[in-house]
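First comes the structure, then the notes that go with it.
The values are calculated or read from the model by the stated rules, or taken from the named source; none is laboratory data. Predicted model, so just to flag it, every value in this text is computed and none were measured. Counting neighbours? That spans all protein chains shown, and the Cβs are built from the backbone with ideal geometry, glycine included. Just the protein is used for accessible areas: all its heavy atoms, side chains included, with ligands, DNA and RNA removed. Shrake-Rupley method; radii C 1.70, N 1.55, O 1.52, S 1.80 Å.
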Amino acid sequence: MNTDVQRDDFRARTRQAVLAAVQGLVLALVMPPVTVLCLAFTVMSLELLPLGLGLFLVPPVLGAVRRYARARRELAAEWGGVVIPVVYRPVPPGAGPWTHTVTLLRDPQTWRDLLWLLTDMTAGTVTALLPAVLLFFPVQGFLVAAGLWRAYVHGPGDTYWYAFVPVTGQATALLAAVLAAVLLVVAHRFTPSLLTAHFRLTRAVLGGGRGDLTERVRVLTETRRDAVDTSAAELRRIERDLHDGAQARLVAMGMDLGTIEMLVERDPAAAKELIARARRNSAEALEELRDLVRGIHPPVLAERGLGDAVRALALRLPLPAEVSVELSGRAEAPVESAAYFAVNEVLTNAVKHSGADRVWIDVHHTDGRLRLTVTDNGRGGAAARAGSGLAGVERRLGTFDGVLAVSSPAGGPTMVTMEIPCVLSWPKTSSCCATGWCGC
């Protein structure tokens, strides 16, 4: 049994080492050209500011830099398990080129992004390349010992250096193989840690320090204020729906019942007709109350949790949807409610505006964060602009220190990712569930 466990552990470590080396190689070879382009376009747009052209170039260029930095943060979380918090100052709705540019340039996070570009194309490239070098360099040592040294050593005075081992013949070539074996053992153990070091360097430059606590407090204050405004608007909506809907029907039903009392003996036929109308009014009032309650907090969400509530949303969509849920428990009720209505809003946008014929929904919890992803194969072009539904979703998530990321190139597909920090736990079992009377 112990041998099997050790063998499985060895295989898992080997897979992690090879995967980390490949991921580091991708980062070292693919990302630097993108980094250089982002930095070059940023410098060019800043140089054109005195001519006025920069006012129209800086916002889209810095927006691209932010999207690139966001993508690297996501890679850091997925590949290295390193979460990089970030706080951007919001741009005022309807801001012109001057206000937009000034807001971006006055944001400390913008300059951290630019400093990260410089770091990523230098130290970042080196740290990303180290895992691949450490894992693949021993292969050369074994090839040298297998006879490759003869291609480099042609005479008694020739020497081929493998690291710090001078190879002049077969004996020294075997020493190179020994060094390669040692390096391979080190790579097997430390390659994933080296890739994590690369992402920690990224976090050290991109992430905010203690000086950004004030900025975070400011953003959280704004999101709390938005939450209060949203709650007040929701209360007014509920009051209006009750007044214009269920309340009006109940008043009409009461008047019908009063008339029935007077007609029940004099005109039974008319009384029966009014009774039927009162029954219809009561059924319609009950349906409106159910719809109202569902809009406040859906029963399926309260009873079955976020996963089943999202599945219920998918069943009501007019287009095919695939739902994947991996939750080991339940979040707090306010978090579940915010996540549910955020997914509902994103799905509504997809149905109305995307032109998609299929939707994929993924809900899972990892590293202390609830992540919800909605993907459609529509025409793309979605953005969290001021006044849009996605901007409202972003404000709703901001109340819980959550974030929203939109990837929607022209032509599609569109992927909306939402994350909320939270802890999952199972609710206490009620007495009815314990006895089995409720059918749980």
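Values for this structure:
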{"quantity": "Subset tally (residues that are surrounded by fewer than 19 Cβ atoms within 10 Å (Cβ to Cβ) and of a type in the set (S, T, N, Q)) for the range 94-103", "calculated": "2"}
{"quantity": "Within the range 296-331, considering residues that are in contact with a Phe, Trp or Tyr (Cβ under 9 Å, 6 or more places away or on another chain) and part of a helix (DSSP H, G or I), the one modelled with the lowest pLDDT", "calculated": "301"}
{"quantity": "Hits in the range 138-149 (condition: more than 11 Å from residue 170 (Cβ to Cβ) and either among the polar types (S, T, N, Q) or out of contact with any helix residue (DSSP H, G or I) (no Cβ under 6 Å at 6 or more places or on another chain) (or both))", "calculated": "139, 140, 143, 148"}
{"quantity": "Count of the range 332-351 residues which are among the aliphatic types (A, V, I, L, M), at pLDDT 85 or above and open to solvent by 30 Å² or more (accessible area, probe 1.4 Å)", "calculated": "1"}
{"quantity": "Enumeration of residues in the range 165-213 that are at pLDDT 80 or above and in contact with an Asp or Glu (Cβ under 9 Å, 6 or more places away or on another chain)", "calculated": "201, 202, 205, 206"}
{"quantity": "Residue in the range 104-118 that is nearest to residue 174 (Cα to Cα), counting only those that are open to solvent by 30 Å² or more (accessible area, probe 1.4 Å) and part of a helix (DSSP H, G or I)", "calculated": "118"}
{"quantity": "Enumeration of residues in the range 20-55 that are over 17 Å from residue 202 (Cβ atoms) and in contact (Cβ under 8 Å) with a residue 12 or more places away in the chain", "calculated": "21, 22, 41, 42, 44, 45, 46, 49, 54, 55"}
{"quantity": "Tally of residues being farther than 16 Å from residue 111 by Cα and surrounded by fewer than 18 Cβ atoms within 10 Å (Cβ to Cβ) across the range 44-54", "calculated": "6"}
{"quantity": "Residues of the range 395-411 classified as modelled with pLDDT under 80 and open to solvent by 20 Å² or more (accessible area, probe 1.4 Å), total", "calculated": "5"}
{"quantity": "Number of the exception - residue 91 against (1) in contact with a helix residue (DSSP H, G or I) (Cβ under 7 Å, 6 or more places away or on another chain); (2) open to solvent by 20 Å² or more (accessible area, probe 1.4 Å); (3) assigned to a helix (DSSP H, G or I)", "calculated": "(3)"}
{"quantity": "Of residues in the range 231-285 being in contact with an Asp or Glu (Cβ under 7 Å, 6 or more places away or on another chain) and open to solvent by 60 Å² or more (accessible area, probe 1.4 Å), the one modelled with the lowest pLDDT", "calculated": "249"}
{"quantity": "Residue under evaluation residue 388, criteria (1) modelled with pLDDT under 80; (2) open to solvent by 70 Å² or more (accessible area, probe 1.4 Å); (3) farther than 19 Å from residue 330 by Cβ; (4) over 18 Å from the mean Cα position of the chain (by Cα), criterion not met", "calculated": "(2)"}
{"quantity": "Members of the range 142-180 that are within 26 Å of residue 29 (Cα to Cα), small (Gly, Ala, Ser) and assigned to a helix (DSSP H, G or I)", "calculated": "180"}
{"quantity": "Condition check for residue 76: touching a His at 6+ places or on another chain (Cβ under 9 Å), under 22 Å from residue 196 (Cα atoms) and in the same structural domain as residue 127 (by TED's automatic domain parsing)", "calculated": "yes"}
{"quantity": "Residue within the range 419-430 that is modelled with pLDDT of 85 or more, open to solvent by 20 Å² or more (accessible area, probe 1.4 Å) and within 18 Å of residue 88 (Cβ to Cβ) present", "calculated": "yes"}
{"quantity": "The range 392-417 residues that are in contact (Cβ under 8 Å) with a residue 24 or more places away in the chain and of a type outside the set (Gly, Ala, Ser), paired with ones that are in a loop (DSSP other than H, G, I, E, B) and open to solvent by 60 Å² or more (accessible area, probe 1.4 Å) (beta carbon under 6 Å, 6 or more apart)", "calculated": "413/377"}
{"quantity": "Residue in the range 121-141 that is in contact (Cβ under 8 Å) with a residue 40 or more places away in the chain, under 37 Å from the mean Cα position of the chain (by Cα) and assigned to a loop (DSSP other than H, G, I, E, B) present", "calculated": "no"}
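Yes/no per residue for (1) open to solvent by less than 60 Å² (accessible area, probe 1.4 Å); (2) out of contact with any Ser or Thr (no Cβ under 7 Å at 6 or more places or on another chain); (3) among the polar types (S, T, N, Q):
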site: 131; (1), (2), (3): yes, no, no
site: 138; (1), (2), (3): yes, yes, no
site: 149; (1), (2), (3): yes, yes, no
site: 161; (1), (2), (3): no, yes, no
site: 164; (1), (2), (3): no, yes, no
site: 172; (1), (2), (3): yes, yes, yes
site: 179; (1), (2), (3): yes, yes, no
site: 184; (1), (2), (3): no, yes, no
